[in-house]
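Engineer: The structure is given below, and queries will be raised subsequently.
The values are calculated or read from the model by the stated rules, or taken from the named source; none is laboratory data. These figures come from a predicted structure and were not determined experimentally. Neighbour counts are summed over all protein chains in view; Cβ atoms, including those assigned to glycine, are modelled from backbone coordinates with ideal geometry. Note: areas computed on protein heavy atoms with side chains; ligands, DNA, RNA excluded. Shrake-Rupley method; radii C 1.70, N 1.55, O 1.52, S 1.80 Å.
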Amino acid sequence: MKVIKFIKEMQTYSESLRLLGKKIAFVPTMGYFHEGHLALMKEAKKMADCVVVSIYVNPTQFGPKDDFSKYPRDFDRDLKMAESVKADVIFYPPDNEMYPANYQTYVHVERVTQNLCGFSRPSHFRGVTTICLKLFNIVKPHFAIFGKKDFQQYIAIKRMVTDLNLDLHIIGLATVREADGLAMSSRNVYLKENERSSALTLIGGLKLAQNIYSAGERKAKVIIREVEKLIKSADFTDIDYIKICDTTTLDDVGEIKSQAVIALAVKVGATRLIDNHVFGEELKA
Ligand code: PAF
């Protein structure tokens, strides 16, 4: 496995693969890998000749109150894990490569970034789409693979790729969960032992929502009220939002008529967790 730190070297390497007619699949990450990341890499391996994984904790997607400096990092462990699934290249740039002095260009995807996490993390998606566009220009992939746990991020990136006519395919993979149903996230390490059962009310809430939907209920308000009751009944939980939205526009829906997603953001102790479920899809846990 190759480790590349510099943009020019990555671009030249990708270009040389493209000239040989090879396909490149890209998994952008902020490191501190878990099984969810490895699932993305394994999927990438199936679809391309070369799998590039970036590890970069992107400062522009963290707000002033977010956890940028204490975001978990362990490069050596990440390398071993990426190697175990036969990733080919790790792109690991330093900050001054990605945001040199006098940097001033950002990408803002409008409507789909307003709702949900857009309220509590106003500059977050601008940072995400900016770094993803930069990484796409550096890695030059044919495919880029994202987990659907970050559903709004996945939709915003697909929107950007369509709107800006980028020449790559965005693939979304189902959320990978722990045995108890908790969605895998690098932030799960922050959870204290006694907070874990409270964190499980997110998956509990999604299952409850699906059951109510399966029984025929279509009013978002009614479903949300029941999920809210469940999550509030647990210790340490503080709900940021529970919303039911159209899967394309991410606008709130009053009544579920077409494809809709229930999205949750809940603080459990000091840890903010998100999760979601598209009604009618399989909810593994
Ligand atoms: O999902 C993430 O880990 C990040 O938001 C991403 C896509 C790597 C951009 O920094």
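Engineer: Enter the accessible area of HIS169 (Å², nearest 10), with the probe set to 1.4 Å and all protein chains included.
Structural biologist: HIS169 exposes around 120 Å² with every protein chain in place.
Engineer: What percent antiparallel are the DSSP beta bridges of the chain, to the nearest 5?
Structural biologist: Numbers: 20 of 39 bridges.
Around 50 percent of the beta bridges assigned by DSSP in the chain are antiparallel ones.
Engineer: With label points built 7 Å along Cα→Cβ from the Cα atoms of GLU15 and LYS284, find their separation and express it in nm.
Structural biologist: For GLU15 paired with LYS284, the spin-label model returns 4.0 nm.
Engineer: At 1.002 mPa s and 20 °C, plugging the Kirkwood radius over alpha-carbon pairs of the range 241-285 into Stokes-Einstein gives what diffusion coefficient in µm²/s? Provide the component values of the computation, followed by the final result.
Structural biologist: Values: Rh = 11.4 Å.
Roughly 188 µm²/s, to the nearest whole number.
Engineer: Can you give the extra length, in nm with one decimal, that the chain gains between THR162 and ARG225 once fully stretched, where that is 0.36 nm per residue apart less the Cα-Cα distance?
Structural biologist: Values: separation 63, 0.36 × 63 = 22.68 nm, distance 3.53 nm.
Going from the current span to full extension adds 19.2 nm.
Engineer: For LYS2, list long-range residues whose amide hydrogen, built 1.01 Å from N in the peptide plane, is under 5 Å from its own amide hydrogen.
Structural biologist: The list, which skips near neighbours in sequence, is VAL89, ILE90.
Engineer: Next up: Provide the descending list of Cα extents for the range 127-180 along its principal axes, expressed in whole angstroms.
Structural biologist: 39, 18, 17
Engineer: If you average over every viewing direction, what projected area does the convex hull of the Cα atoms of the range 202-272 give, in nm²? Working shown, then result.
Structural biologist: Working: hull surface 18.3 nm².
Its average projected convex-hull area is 4.6 nm².
Engineer: By per-residue mean of other Cβ atoms within 10 Å, what is the highest-first order of 23-33, 59-69? Could the numbers behind the result be given before it?
Structural biologist: Details: 23-33: 23.0, 59-69: 13.4.
Result, highest mean Cβ count within 10 Å first: 23-33, 59-69.
Engineer: Let me ask something else about it. Just the ratio, please: alpha-carbon radius of gyration of the chain over 2.2 N^0.38 Å, N its number of residues. Show your work: numbers first, answer last.
Structural biologist: Details: Rg = 19.1 Å, N = 285, 2.2 N^0.38 = 18.8 Å.
Scaled against compact globular proteins, the figure is 1.01.
Engineer: Return the sequence-ordered ³J(HN,Hα) values of the range 270-285 in whole Hz as given by the Karplus equation 6.51 cos²θ - 1.76 cosθ + 1.60 applied to θ = phi - 60°, using x for Gly and Pro.
Structural biologist: Couplings: 9, 9, 8, 10, 10, 7, 7, 8, 8, 4, x, 7, 5, 10, 7, 3 Hz.
Engineer: Between MET30 and residues 5 or more places away or on another chain, which pairs have amide H atoms under 5 Å apart, with H built 1.01 Å from N, and which residues are they?
Structural biologist: Distant-sequence amide H within range of MET30: TYR56.
Engineer: What length, rounded to one decimal in nm, is gained on full extension from SER197 through to ASP252, with 0.36 nm per residue of separation minus their alpha-carbon distance? The partial results should precede the final answer.
Structural biologist: Values: separation 55, 0.36 × 55 = 19.80 nm, distance 2.87 nm.
Result for the pair: 16.9 nm of gain on full extension.
Engineer: Moving on. Compute the accessible area per residue over the chain, keeping the other protein chains in place, probe 1.4 Å, unit Å².
Structural biologist: Accessible area per residue: 48 Å².
Engineer: Stretched out fully, how many nm does the piece from HIS108 to MET47 gain, at 0.36 nm a residue minus the Cα gap? Intermediate results must be reported in sequence, preceding the final value.
Structural biologist: Numbers: separation 61, 0.36 × 61 = 21.96 nm, distance 2.95 nm.
My answer for the length gained is 19.0 nm.
Engineer: Next question, about the same structure. How many angstrom separate the Cα center of the range 220-253 from the Cα center of the range 1-54?
Structural biologist: 36
Engineer: Oh, and also: Could you run the Debye sum over the Cα atoms of the range 14-134, one equal point scatterer each and no solvent, and tell me log10 of I(q)/I(0) at q = 0.12, 0.15, 0.23 Å⁻¹, two decimals?
Structural biologist: Those come out to -0.53, -0.81, -1.32, one per q.
Engineer: May I ask you to derive the FRET efficiency for LYS232 and PHE68 from their Cβ-Cβ distance with R0 = 30 Å, giving the value to the nearest 0.05? Spell out each step's value before the answer.
Structural biologist: On the way: r = 30 Å, r/R0 = 0.99.
FRET efficiency, LYS232 to PHE68: 0.50.
Engineer: For the chain, set up a Gaussian network in which alpha carbons nearer than 10 Å are linked by springs, and say which option among SER233, SER198, SER123 fluctuates the most.
Structural biologist: Result: SER233 has the largest fluctuation of those listed.
Engineer: Using only alpha-carbon positions, what ratio does the radius of gyration of the range 125-276 give when scaled by 2.2 N^0.38 Å?
Structural biologist: Working: Rg = 16.8 Å, N = 152, 2.2 N^0.38 = 14.8 Å.
My calculation over the Cα atoms of the range 125-276 gives 1.13.
Engineer: Per-residue ellipticity at 222 nm for the chain, helices alone: DSSP H runs ≥ 4 residues times -39500 (n - 2.57), over residue total, nearest 500 deg cm²/dmol?
Structural biologist: On the way: 9 runs with 105 residues, N = 285.
Helices in the chain give a 222 nm mean residue ellipticity of -11500 deg cm²/dmol.
Engineer: Take the solvent-accessible surface of the protein heavy atoms, probe 1.4 Å, and return the percent of it on the chain that carbon and sulfur atoms account for. It would help to have the intermediate numbers written out before the result.
Structural biologist: Values: 6880 of 13810 Å².
Answer for the chain: carbon and sulfur cover 50 percent of the accessible area.
Engineer: Can you sort THR271, THR248 by solvent-accessible area, 1.4 Å probe, largest first?
Structural biologist: On the way: THR271 5, THR248 90 Å².
Accessible-area ranking of THR271, THR248, largest first: THR248, THR271.
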